[in-house]
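Asker: Below are the structure tokens for one structure; questions will follow.
The values are calculated or read from the model by the stated rules, or taken from the named source; none is laboratory data. Just so we're clear, the structure is a prediction, and the values are computed from it rather than from any experiment. With ideal geometry, Cβ positions are generated from the backbone for all residues, glycine too; neighbour counts draw on all protein chains shown. Note: accessible area is taken over every heavy atom of the protein model, side chains too, but ligands, DNA and RNA are not part of it. Shrake-Rupley method; radii C 1.70, N 1.55, O 1.52, S 1.80 Å.
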Amino acid sequence: MNEIIEKRMLSEGVIQLTVYEPRIAAKCQAGQFFMLRVTDRGERVPFTFSDWSREEGWIRFIFMVVGKTTSLLSELAAGDYIKDLAGPLGRPSLRSHDTRRPSWGNDFEGLQQGGSVVVVGGGVGTAVAFPVARALCEEGYQVHVITGARTAELLILEEELRALPLASLSIMTDDGSAGSKGLVTAPLKELCSSRSVSHAIIVGPAIMMKFAAGTALDAGVPATVSLNPLMIDGTGMCGACRVSIDGATKFACVDGPDFSAASVDWAELMSRQRSYIDDERESHAAHQRHVQEREHENCDCFDESSLWARGFKKGGWAT
Amino acid sequence: MTQLNSDKQAECVQTSNSELPKTLPVTPSAIPTRRRPSREPRHAMANQPAEERISNFQEVALGYTLEQARAEAERCLQCKNAPCEAGCPVEVRIHDFISAIIDNDLPEAVAILKERNALPAVCGRVCPQESQCEATCVLARRGEPVAIGRLERFLADWDRQRPEEERNKTRLAPCKHKRIAVIGSGPAGLAAAGELSLRGYYVEVFEALHSPGGVLAYGIPEFRLPNYILEDEVEALRQARVTFHMNAPIGTVASCEELLDEGFNAVFIGVGAGLPKFMDIPGENLNGVYSANEFLTRVNLMHAYEFPRWDTPVQRGRQVVVIGGGNVAMDAARTALRLGAEEVTLAYRRTQAEMPARIEEVEHAIEEGVKLVELASPLEVVGQDGWVTGLRLQKMELGRADASGRRRPIPVEGEEYVHPADTVVSAIGTLANPHLREVADVDINQWGYLSVGEDGQTSNPRIFAGGDIVTGSATVIEAMGAGKSAAIAIDELLSAPDVQTQRRMT
Ligand SMILES: Cc1cc2nc3c(=O)[nH]c(=O)nc-3n(C[C@H](O)[C@H](O)[C@H](O)COP(=O)(O)OP(=O)(O)OC[C@H]3O[C@@H](n4cnc5c(N)ncnc54)[C@H](O)[C@@H]3O)c2cc1C
Ligand code: FES
């Protein structure tokens, strides 16, 4: 059980939670993730760290409300608890942070120590891109960042990014309501074809990663992507997260989540991501009905299966 | 599809739940004389009827009644040299506990059983007795061996339903003021933790998942090993001063070396070999293809059969093909049936006779309607629009015996066909997890498992290991045996007065 120490609504449906968890905060690295469960009957869902404080013992993550688990999370407030939180999981983005395993795949091909690199974050993917960019800055690389979103409201971490010693920061919105109008691929293409960068790290929805990686690769710049398949355990035990990398089956949770973009089978990844779409809708819809029913919390119509709802009140967890 | 031979069928007598006494008599009433061992066949154990059980997740085998247990115990010849005990990886004193049942002293029988086996309720249900203790029973030569596993289960269950204060309790040695970290809460870890706490150590178990038990929790289904049995065992360990840390993936959150630096005197690694192998054939990543681990984890650990009351879904296939012939394959096939599949087929490279699964599980699966396709090896998962539509199988035949003594399957040229399926579950084995290198900086053998000495010691003298992570996938009882012997070795190491050993440790 971990206490939420801060909750911020970054925009409609985009939420940042800061959770007290000193063990994980002491260890997590850019690019790694954790699994959480909100309730006793909840799914195990992965989230990537967007920030942490080793001194104060907290970790932070950002999510968009899309299904039942994220709805449940969005209903929590500072002072509430998250049932289970396990991490850090996955391999750090920077090889230098992963000292024990012989590396393959995510070695930022073509990038020399102190070289020039571009980090691209699409939508909530910027939450993952930010700590990677920060780590690269700390390691002495020249870092360009491109962040994009549909509209100004959905842009996240702009301030934090501005505070980094970046070589450049490009902000893109589809509708031009902030930064420049257009997709992240426009500035990426410029950076890549002018040879100002020797590697691209791309994080975002699969479709965005596919196109952005295509842009970089077309310009002859190797790219790394952070894959986000469905996961269950996140520890390498089930294979739900498997992805085809150069035709070989790899597990994103233990072999990744970062992989060389040129090796990824995008169609397969996207197809697998959608495999439970109907169930997810059903689950989310049932939850939304349930939220309405919660008005009846104090009458008898509230059945046993709804008891967990009361658990959200601080300290009221049935363990 | 293979038929059961008739004597096996006779054994699967089915009784419905209601015919069994709800509680077993607690005070044993004396039986006057000990009868001579009989030649009658072993006593059948009641099962939930097949047509009923395929629509629920409740336990299939219902266990012996007191009368049945006593009658079965009396079949035992009480051989002086007890060859059965040599067949048991943890050398349970089978002879003596059966003798105690015959003498009608059940508390004593339980005490004898628990002295060597910390999890008898689990082992009585999942051990492959037919290839262990029962294989070496003298009666097996002339007919059917004593049903040792069923007696074990009976005793463990009898003990469980006793009032708390009467239940068999192990007495803990006085605290030795030393801390041991146990990594992984599967049978190896639980057995090591139990033995160490018994010997007076303060034990902390670190488990990556949110709930303890390893394969017992996420792999073996409810209908074979009900959750409450595992929960009770874990609770008993908690009461014996063992602390459980859930959600603690050792390796990334702390390595074993860091745990030693933090003040643990020794570490036991029992992380299992959980990484599922895939078939390495085209189409294996289509939607609808599962590893048995994923399929079973969704259902057992995450309760997908209660979706949407529980949040994790699972595909409820109509035509399911499971690849493999071990316990894992049986569990997956029988789980698929219970999720409502119309047809569940097991495709196995060899024949039923070579299946490594427990005989009882194969029988139960067939009774429940699982179809068997022998001598079939997967070539390709065929699909459409990203989803599975079938499995292309290669017909095999049995060639000469290989190193393991089993006849090697070889393909019959040109004989392939597509078996229609909307769900394919691959149960072809597991490997060590690549994150093992982060867990501890110790020697790993060529197959990726930890290399250890006889007592489980790794190349770091303070780090021990046992279970599947040392042997590759094996059995619950072997994992427990390894956990226990490593615990004893840890105790010896930490109690060694001689300076040499002490120095070797640092
Ligand atoms: C479906 C299925 C059915 C089976 N049926 C039978 C049967 O009928 N009879 C039988 O005898 N055997 C059976 N087996 C085999 C048996 O379950 C295993 O041999 C046994 O569980 C191995 O025990 P273990 O303790 O070594 O590992 P596991 O049971 O695998 O437990 C390892 C535990 O360690 C945890 N862990 C892993 N890495 C870390 C880490 N880095 N940090 C912290 N924790 C970690 C895992 O999450 C897991 O909980 C079956 C196996 C399966 C999969
Ligand atoms: S999520 Fe289960 S193996 Fe990766």
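Asker: Consider region A:235-270. How many of its residues are within 16 Å of ligand 1 (Cβ to nearest atom) and under 17 Å from A:V128 (Cα atoms)?
Answerer: Residues in region A:235-270 being within 16 Å of ligand 1 (Cβ to nearest atom) and under 17 Å from A:V128 (Cα atoms): 1 in total.
Asker: Do we have A:R41 as surrounded by fewer than 20 Cβ atoms within 10 Å (Cβ to Cβ), in a loop (DSSP other than H, G, I, E, B) and within 14 Å of another protein chain (Cβ to nearest Cβ) here?
Answerer: The answer is yes for A:R41.
Asker: Look through region B:285-301, keep the residues that are without any contact (Cβ under 8 Å) to a residue 24 or more places away in the chain and within 17 Å of B:G274 (Cα to Cα), and return whichever of them is farthest from the other protein chains (Cβ to nearest Cβ).
Answerer: My answer is B:R298.
Asker: Please list, ordered by residue number, the strands (runs of 3 or more DSSP E) wholly in region B:404-506 having 2 or more residues that are within 18 Å of B:A191 (Cβ to Cβ).
Answerer: Correct list: B:463-465.
Asker: Name every residue in region A:58-76 that is away from every other protein chain (no Cβ under 13 Å) and either surrounded by fewer than 20 Cβ atoms within 10 Å (Cβ to Cβ) or part of a loop (DSSP other than H, G, I, E, B) (or both), in order of residue number.
Answerer: A:M64, A:V65, A:V66, A:S74, A:E75, A:L76, listed by residue number.
Asker: If A:L217 satisfies every condition in (1) open to solvent by 20 Å² or more (accessible area, probe 1.4 Å); (2) among the aliphatic types (A, V, I, L, M); (3) touching a Ser or Thr at 6+ places or on another chain (Cβ under 8 Å); (4) at pLDDT 90 or above but one, which is the exception?
Answerer: (3)
Asker: If you don't mind, another one. Would you please list the contacts, defined by Cβ atoms under 6 Å and residues six or more apart or on different chains, that run from a residue in region A:254-281 that is surrounded by fewer than 23 Cβ atoms within 10 Å (Cβ to Cβ) to a residue that is among the charged types (D, E, K, R)?
Answerer: A:S263/A:D246; A:W266/A:K210
Asker: Where residues in region B:189-223 are within 13 Å of the chain's Cα centre (by Cα) and open to solvent by 20 Å² or more (accessible area, probe 1.4 Å), which of them is nearest to the other protein chains (Cβ to nearest Cβ)?
Answerer: Residue satisfying both the conditions and the ranking: B:Y218.
Asker: Out of all the residues in region A:129-146, is one or more in a helix (DSSP H, G or I) and among the charged types (D, E, K, R)?
Answerer: Checked against the condition, which is being in a helix (DSSP H, G or I) and among the charged types (D, E, K, R), region A:129-146 yields at least one hit.
Asker: Right, another one. Return yes or no: is A:P92 within 12 Å of chain B (Cβ to nearest Cβ) and of a type outside the set (F, W, Y)?
Answerer: yes
Asker: Take residues that are on the phi > 0 side of the Ramachandran plot and tell me which of the strands (runs of 3 or more DSSP E) falling wholly in region A:220-268 contain 1 or more.
Answerer: none
Asker: Condition check: within 22 Å of the chain's Cα centre (by Cα) and either modelled with pLDDT of 90 or more or not in a loop (DSSP other than H, G, I, E, B) (or both). Does A:L191 satisfy that?
Answerer: No, not satisfied.
Asker: Here is a check on your reading of the model: is A:A86 closer than 21 Å to B:N247 by Cα, in a strand (DSSP E or B), within 14 Å of another protein chain (Cβ to nearest Cβ) and at pLDDT 90 or above?
Answerer: The answer is yes for A:A86.
Asker: Would you pick out the residues in region B:260-284 that are part of a loop (DSSP other than H, G, I, E, B) and within 8 Å of another protein chain (Cβ to nearest Cβ)?
Answerer: Selection gives B:G274, B:F278, B:D280, B:E284.
Asker: Right, next: Please go through region A:1-60 and pick out each residue that is hydroxyl-bearing (S, T, Y) and touching a helix residue (DSSP H, G or I) at 6+ places or on another chain (Cβ under 9 Å).
Answerer: Hits for region A:1-60 are A:S11, A:T39, A:T48, A:S50, A:S53.
Asker: May I ask you to list the residues in region B:291-313 that are within 11 Å of ligand 2 (Cβ to nearest atom), open to solvent by less than 10 Å² (accessible area, probe 1.4 Å) and of a type outside the set (D, E, K, R)?
Answerer: B:S291, B:T297
Asker: Ok, one more. Scan B:A421, B:A427, B:A432 and give me the residue that is away from ligand 2 (no atom under 16 Å from the Cβ), of a type outside the set (K, R) and touching a residue at least 24 places away in the same chain (Cβ under 8 Å).
Answerer: Among B:A421, B:A427, B:A432, only B:A421 is away from ligand 2 (no atom under 16 Å from the Cβ), of a type outside the set (K, R) and touching a residue at least 24 places away in the same chain (Cβ under 8 Å).
Asker: Another question about this same structure. Testing B:E51 on (1) modelled with pLDDT under 90; (2) among the acidic types (D, E); (3) more than 30 Å from B:A333 (Cβ to Cβ), one condition comes back false. Which one is that?
Answerer: (3)
Asker: Here's another thing I want to ask about it. Tell me which of these A:A248 doesn't satisfy, since it passes every other one: (1) within 14 Å of ligand 2 (Cβ to nearest atom); (2) closer than 18 Å to B:P276 by Cα.
Answerer: (1)
Asker: Now for a different question. Under 8 Å between Cβ atoms, which residue pairs at least 6 apart in sequence (or on different chains) link something in region B:450-477 that is open to solvent by 10 Å² or more (accessible area, probe 1.4 Å) with a partner that is within 16 Å of ligand 2 (Cβ to nearest atom) and assigned to a loop (DSSP other than H, G, I, E, B)?
Answerer: Close Cβ pairs satisfying both conditions: B:D468/B:G272; B:D468/B:A273; B:D468/B:G274; B:S473/B:A273; B:S473/B:G429.
Asker: Further question on the same structure: Report the residue count in region A:110-140 for those that are surrounded by fewer than 24 Cβ atoms within 10 Å (Cβ to Cβ) and more than 13 Å from A:I62 (Cβ to Cβ).
Answerer: Total meeting the criteria: 13.
Asker: For region A:44-56, which positions are touching a Phe, Trp or Tyr at 6+ places or on another chain (Cβ under 8 Å) and either assigned to a loop (DSSP other than H, G, I, E, B) or in the same structural domain as A:G123 (by TED's automatic domain parsing) (or both)?
Answerer: A:F49, A:S50 - these are the residues of region A:44-56 that are touching a Phe, Trp or Tyr at 6+ places or on another chain (Cβ under 8 Å) and either assigned to a loop (DSSP other than H, G, I, E, B) or in the same structural domain as A:G123 (by TED's automatic domain parsing) (or both).
Asker: While we're looking at this one, here's another question. Can you pull out every residue in region A:218-251 that is away from chain B (no Cβ under 12 Å) and closer than 21 Å to B:R298 by Cα?
Answerer: Within region A:218-251, just A:N228 meets the criteria.
Asker: So, one more: Pairs, please: C-beta under 6 Å, at least 6 apart or cross-chain, first residue in the same structural domain as B:L237 (by TED's automatic domain parsing) and away from ligand 1 (no atom under 12 Å from the Cβ) and in region B:179-206, second among the basic types (K, R) and open to solvent by 10 Å² or more (accessible area, probe 1.4 Å)?
Answerer: Listed pairs, sorted by first residue: B:E195/B:K484; B:S197/B:R241; B:G200/B:K176; B:Y201/B:K176; B:Y201/B:K178; B:Y202/B:R179.
Asker: Could you identify the single residue in A:G121, A:G125, A:G110 that is of a type in the set (G, A, S), within 17 Å of A:G31 (Cα to Cα) and not in a strand (DSSP E or B)?
Answerer: A:G125
Asker: Output yes when any residue across region B:433-445 is within 16 Å of ligand 1 (Cβ to nearest atom), at pLDDT 90 or above and of a type in the set (D, E), and no when none is.
Answerer: yes
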